[in-house]
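The values are calculated or read from the model by the stated rules, or taken from the named source; none is laboratory data. Worth saying up front: this structure is predicted, and the values here are computed from it rather than measured. Glycine gets a Cβ as well: all are built from the backbone with ideal geometry, and neighbour counts include every protein chain shown. In case anyone asks, the SASA skips ligands and DNA or RNA and just uses the protein heavy atoms, side chains included. Shrake-Rupley method; radii C 1.70, N 1.55, O 1.52, S 1.80 Å.
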Amino acid sequence: LYLHVTHPMASPMAVGRRFMAALSRGKAVRCSSMRKQMKFRTFCASADYKALTTLSEDQEMLLDSVSKFAEQNIAPHVAKMDAESKLEPSLLPKLFEEGLMGIEIPEEYGGAGMSFVDSVLTIEELAKTDPAISVIVDIQNTIINLAFLGFGSEEMKSKYLPRLATDTLASFCLSEPNAGSDAFSLKTTATKIDGGYKINGSKLWISNSGEAGLFLVFANVDPSKGYKGITAFVVERDAPGLTIGKKEDKLGIRASSTCEVLFDGVEVKDSDVLGEVGKGYKIAIESLNPGRIGIGAQMTGLAQGAFDAAMRYMLDRKQFGKSISDFQGMEFQYAQTQTEIEAARLLVLNAAALKESGKPYIKQAAMAKLYSAQVAQKVSGEAIEWMGGVGFTKEYPVEKFYRDAKIGMIYEGTANIHLQTIAKLIKAEYDA
């Protein structure tokens, strides 16, 4: 069957509809001209194309549910948690009950069985209300759970994934006093003993460690091999010799605990090794890359939360007889700011989509994390200025967003580390 159209300027959609109708009748189809072939290809491309910000019906429902959860269960406690630097005790069980701690964990292990993109969307939505709660959900989903899914044996998955999905918070123990950006210079050791290992050392700046029931610990089984001796171990909170040390009194994200974790002769079994002995460095790298996308989502949500609060205030606030949002000088500022937030969101969603599809995404993850952190700092600072004196007080949330934003330039890789990563990958592209 040849496709014929009644007008030479018929649209690609018109040509495409004729094609699809013919296919539905079981006809073999070829186009009678090059122009029609191009129109049909345009139709096919438009039919498959989806904007990054176009969400599925399930994703729309997810975000609506998360937004309502945040408004009802998180928002009433934000100021108190920040002031006391303490997580509201009732919140963690609710996060599990809502299914937000095992988003990608398959249903057979008690999780939601959703996607990485769904995790990223959830993290951003929560950060609009409280970035501290957002990072709790972020670390569990984009680092801990993915590490077990990617490197755990079936026995380990069956043992730990149901707990991680339903009731157990976990911490990622990599950083040390002398191993920050140079993470693989860690000094914590795991000495071989009969049937297992004995871990000695200390970890610093360990997020969520105050409430964690499980720890993913990186220790070196053979320091003479350098980073190739690093191995990942799963350690229970009640393991003899494991203690939670000093809790940091932080500038921001204060509801998320950050503590020292000490290991004094902590014994683990051979079966507690995640992945292979000596392959912990690989687990760390492959866990942190998606984690950076999660932080990008957190920072984007933070920026949007600060922007939303400031816009509501500016629309209501009157000076010189009109809303301050109507002054052209203000219009230019918030138009520019919203553009930057949208750019950060697109970088994050693009990196998440690449990761989800199994394509290379390390450069895009670094870009997303770097830029979203920069935008979060800028937007939260401008939000305070837009609101004037009240923005500088704790009566409104923007000063907290401003304090929370600073960590985005530091954790999950500093700004300079990400710039170095991006530059290295750019050079590799041109050298190829």
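Give the angle, between 0 and 90 degrees and rounded to the nearest 10, that separates the Cα long axis of helix 57-69 from the longest principal axis of the Cα atoms of the chain.
On a 0 to 90 degree scale, this one is about 50.
A 21 angstrom limit on the alpha carbon distance is what I want to check against. Which of 86/128; 359/424; 246/269; 157/246; 187/246; 187/282 exceed it?
From 86/128; 359/424; 246/269; 157/246; 187/246; 187/282, over 21 Å: 246/269; 157/246.
Let a ≥ b ≥ c be the square roots of the eigenvalues of the Cα gyration tensor of the stretch 224-370; is it rounded (a/c under 1.5), or, if not, prolate (a/b larger than b/c) or oblate?
oblate
Ignoring ligands, DNA and RNA, what percent of the accessible area of the chain is carbon or sulfur (1.4 Å)?
It is 54 percent, rounded to a whole number.
Rounded to a whole number of µm²/s, how large is the Stokes-Einstein D of the chain at 4 °C and 1.567 mPa s, given Rh as the Kirkwood radius over C-alpha pairs?
In µm²/s, the coefficient is 55.
Would you calculate a helix-derived [θ] at 222 nm for the chain, using -39,500 (n - 2.57) for each DSSP H run of n ≥ 4 and dividing by the full residue count, to the nearest 500?
About -16000 deg cm²/dmol.
Considering every Cα-Cα pair within the stretch 172-277, what fraction, in whole percent, is farther apart than 15 Å?
Cα-Cα pairs of the stretch 172-277 separated by over 15 Å account for 60 percent.
Go through 81, 114 and list them by solvent-accessible area, largest first, probe radius 1.4 Å.
114, 81
Packing-wise, with mean Cβ within 10 Å as the measure, how do 126-137, 97-108 rank, highest first? Don't skip to the end; give the middle numbers.
Numbers: 126-137: 27.4, 97-108: 19.3.
Output ranking for 126-137, 97-108: 126-137, 97-108.
How much area per residue is accessible in the stretch 102-180 when the probe is 1.4 Å and only protein heavy atoms are counted (Å²)?
28
Give the Rg/Rh ratio for the stretch 294-378, taking Rg as the radius of gyration of the Cα atoms and Rh as the Kirkwood radius, to two decimals.
In the stretch 294-378, Rg relative to Rh is 1.14.
Which trypsin sites (Lys or Arg not before Pro) in the stretch 161-218 sit in a loop by DSSP (not H, G, I, E or B) and have at most 16 other Cβ atoms within 10 Å of their own Cβ?
Here the trypsin sites (Lys or Arg not before Pro) that fit, given the DSSP loop and packing criteria, are 187.
How far, in degrees from 0 to 90, does helix 328-356 lean away from the longest principal axis of the Cα atoms of the chain, to the nearest 10?
Taking Cα atoms only, the helix is inclined about 70 degrees.
Got the relative contact order for the chain handy, in percent, Cα pairs under 8 Å and 6 or more residues apart?
14
Whole-Hz ³J(HN,Hα) for each residue in the stretch 227-242, computed from phi via Karplus 6.51 cos²θ - 1.76 cosθ + 1.60 with θ = phi - 60°, x for glycine and proline: what do you get?
Those phi angles translate into 5, 6, x, 5, 9, 9, 10, 9, 10, 6, 4, 8, 5, x, x, 8 Hz.
Ordering 426, 199 by how much accessible area each has at a 1.4 Å probe, largest first, what is the list? Display every interim value, and only then the final one.
On the way: 426 65, 199 0 Å².
Of 426, 199, the descending order of accessible area is 426, 199.
How high is the relative contact order of the stretch 287-432, in percent, counting Cα pairs under 8 Å that sit 6 or more residues apart? All intermediate terms of the calculation are to be shown ahead of the outcome.
Working: 173 pairs, mean separation 48.8, N = 146.
Contact order relative to length: 33 percent.
Would you mind checking which residues have amide H under 5 Å from residue 193's amide H? H placed 1.01 Å from N; only 5 or more apart, or other chain.
Long-range HN contacts for residue 193: 198.
When only DSSP loop residues count, what GluC sites (Glu not before Pro) in the stretch 243-306 have their Cβ near at most 13 other Cβ atoms within 10 Å?
Here the sparse-neighbourhood loop sites are 276.
What accessible area per residue comes out for the stretch 238-393, rounded to a whole number of Å², with a 1.4 Å probe?
Heavy-atom SASA per residue in the stretch 238-393 reads 44 Å².
Can you compute 3J(HN,Hα) from phi for each residue in the stretch 196-206, using the Karplus curve 6.51 cos²θ - 1.76 cosθ + 1.60 with θ = phi - 60°, rounded to whole Hz and x for Gly and Pro?
x, 9, 10, 9, 9, x, 9, 10, 10, 6, 8
Among 322, 279, 394, which one shows the highest mean-square fluctuation when the chain is modelled as a Gaussian network with alpha-carbon springs under 10 Å?
Comparing 322, 279, 394 in a Gaussian network model of the chain, the most mobile one is 322.
Assuming a ≥ b ≥ c are the square roots of the Cα gyration tensor eigenvalues, decide whether the stretch 120-194 counts as rounded (a/c under 1.5), prolate (otherwise, with a/b larger than b/c) or oblate.
Taking the square roots of the gyration eigenvalues as a ≥ b ≥ c, the stretch 120-194 is oblate.
What angle do you read, to the nearest 10 degrees and between 0 and 90, between the alpha-carbon axis of helix 116-127 and the longest principal axis of the chain?
80
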